[in-house]
Amino acid sequence: MKIAIVTDAWHPQTNGVVTTLSRTSEALSDMGHDVRMFTPEPYRTIPCPSYPEIRLSLFAGRHLRRSLDDFEPDSIHIATEGPLGFAARRYCKKRDLKFTTSYHTQFPAYVRKRFPIPESWTWAFVRWFHNAAEKTLAPTPAIVAELEHHGFKAPVVWGRGVDTDLFQPSPAHRDARSGPVYLYAGRVAVEKNLEAFAGMKVAGQKIIVGDGPDLKRLQSKYPDCTFTGYKFGTELASIMASADVFVFPSRTDTFGLVMLEAMACGVPVAAYPVPGPIDVVHHGQTGFLDEDLGKACSEALKLSRETCRQHALGNSWAKCSEVFASYLVGVTDEIPPNAPTPVVVNAAEDASERAPH
């Protein structure tokens, strides 16, 4: 099957959306599909206001239309609500083609933290964008429930995977040192709520791996934290495996792929009991969820690293990509040729069974 995936988020950005789409396209190709990524790479771009790391494509409509016409995809998936996503949506609507979308980012919450715009306005926009699709793929049951609450017509669960060959436990993770190591890895931005982590009073070391628009301010305000900047590949995996607890302070993520990566390294997670963590973390087994983040950290220290690793081993990119393919629709037919039967993976378990009570 010829699959077109249109996304405004792509390399050199470093985030869960780019990782998810990269690994999904690779897995789909391994399954025998002809996958083409339509990304900002061919276009002139400008930095996104307040977030220059994100580049917005300019005047992409005509080129994207020609590229899609040349490819003649059996199925079209629109991954983001940016300029390329809009152009692809217009392309499909004008030609009466069916398509799917995915909801990766809590866009209303992110916008509200940067601009004085009511979340209801932004919800109306993203609902309009996604309700033109046959299905909207969301990463967890909690996010699906939230989208249904806000009037999305067809949200479905599409979980996430982890590279368990790259992210592995380190036998030397408990080298002699003064106290536990608490680690965060990801974007350093206001929506990640990093002050809740950086401001914690804990015995041990706090490490923040990543970069973003809030980095300089946090470095100045919290000199007791170690800021490493971005790390990639084996270096990132090694740093992660050396931690005692992975701290995920965000209240606005739809999933939090980095939590699975930490578990693959045998590192338990401390987080708030909010969408994202409540679906990814098995409370009391692979992490601890509590409104008191310091308590979550101290309780996570007691958990089995082997249990974390075993949980991660059950979440492969191959399984997640099979789910993705099962939800695709043909541009003119309800089901594209050779589409597998829809299945559900670990991330689709009932969140109520794993959330703390």
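The values are calculated or read from the model by the stated rules, or taken from the named source; none is laboratory data. On a predicted model such as this, the values are computed, not experimentally measured, just so you know. As a convention, Cβ positions derive from the backbone with ideal geometry for all residues, glycine included, and neighbour counts pool all protein chains shown. Quick note on the areas: whole protein, heavy atoms, side chains included, nothing else; ligands and nucleic acids left out. Shrake-Rupley method; radii C 1.70, N 1.55, O 1.52, S 1.80 Å.
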Select from region 92-105 the residues that are under 21 Å from VAL17 (Cβ atoms) and open to solvent by 10 Å² or more (accessible area, probe 1.4 Å) and write down the one among them that is modelled with the highest pLDDT. HIS104
Please go through region 225-237 and pick out each residue that is open to solvent by 40 Å² or more (accessible area, probe 1.4 Å) and either within 21 Å of the chain's Cα centre (by Cα) or modelled with pLDDT under 95 (or both). TYR230, LYS231, PHE232, THR234, GLU235
When region 25-63 is examined, which residues are found to be touching a strand residue (DSSP E or B) at 6+ places or on another chain (Cβ under 7 Å) and acidic (Asp, Glu)? ASP34
If you check PHE324 against the conditions, is it modelled with pLDDT of 95 or more, part of a helix (DSSP H, G or I) and within 29 Å of PRO155 (Cα to Cα)? yes
State yes or no: is VAL209 within 19 Å of ASN15 (Cα to Cα), in a strand (DSSP E or B) and either touching a Leu at 6+ places or on another chain (Cβ under 7 Å) or open to solvent by less than 30 Å² (accessible area, probe 1.4 Å) (or both)? yes
(1) more than 17 Å from GLN310 (Cβ to Cβ); (2) in contact with a helix residue (DSSP H, G or I) (Cβ under 6 Å, 6 or more places away or on another chain): which one isn't true of VAL274, the others all being true? (2)
Examine region 86-100 for a residue that is more than 29 Å from ARG187 (Cβ to Cβ), of a type in the set (Gly, Ala, Ser) and touching a residue at least 24 places away in the same chain (Cβ under 8 Å), and state whether such a residue exists. no
How many residues of region 43-62 are open to solvent by 20 Å² or more (accessible area, probe 1.4 Å) and either part of a strand (DSSP E or B) or more than 25 Å from PHE107 (Cβ to Cβ) (or both)? The answer is 10
Scan region 63-86 for residues that are small (Gly, Ala, Ser) and surrounded by fewer than 23 Cβ atoms within 10 Å (Cβ to Cβ) and jot them down. SER67, GLY82, GLY85
Taking interchain pairs and intrachain pairs at least six residues apart, which have beta carbon atoms under 7 angstrom, with the first residue in region 199-218 and on the phi > 0 side of the Ramachandran plot and the second outside any strand (DSSP E or B) and open to solvent by 20 Å² or more (accessible area, probe 1.4 Å)? GLY204/GLY179; GLY204/PRO180; GLY210/GLY186; GLY210/ARG187; GLY210/TYR230; GLY212/ARG187
Residue count for region 18-42, restricted to those that are open to solvent by less than 40 Å² (accessible area, probe 1.4 Å), farther than 14 Å from GLY82 by Cβ and not in a strand (DSSP E or B): 7
Please determine, by comparing only the residues of region 148-161 that are open to solvent by less than 20 Å² (accessible area, probe 1.4 Å) and either acidic (Asp, Glu) or within 27 Å of ALA27 (Cα to Cα) (or both), which one is nearest to the chain's Cα centre (by Cα). ARG160
Take LEU260 and tell me if it is outside any loop (DSSP other than H, G, I, E, B), open to solvent by less than 50 Å² (accessible area, probe 1.4 Å) and either at pLDDT 95 or above or of a type in the set (A, V, I, L, M, F, W, C) (or both). yes
Per the filter on region 295-321, residues open to solvent by 30 Å² or more (accessible area, probe 1.4 Å) and part of a helix (DSSP H, G or I) are LYS295, SER298, GLU299, ARG305, GLU306, THR307, ARG309, GLN310, LEU313, ALA318, LYS319
Can you say whether THR80 is of a type in the set (S, T, N, Q), touching a residue at least 40 places away in the same chain (Cβ under 8 Å) and outside any loop (DSSP other than H, G, I, E, B), as far as the supplied structure shows? no
Looking at region 264-286 only, could you name the residues that are farther than 16 Å from PRO141 by Cα and either in a helix (DSSP H, G or I) or aliphatic (A, V, I, L, M) (or both)? ALA264, VAL267, VAL269, ALA270, ALA271
Where the second residue is surrounded by fewer than 16 Cβ atoms within 10 Å (Cβ to Cβ) and of a type in the set (Asp, Glu) and the first is under 17 Å from GLY85 (Cβ atoms) and lies in region 115-143, which pairs have Cβ atoms under 9 Å and are six or more apart or on separate chains? GLU134/GLU334
If you scan region 1-17, which residues turn out to be over 19 Å from the mean Cα position of the chain (by Cα) and either more than 19 Å from TYR103 (Cβ to Cβ) or open to solvent by 60 Å² or more (accessible area, probe 1.4 Å) (or both)? MET1, LYS2
Counted residues in region 184-203 being closer than 19 Å to GLU291 by Cα and among the β-branched types (Val, Ile, Thr) come to 2
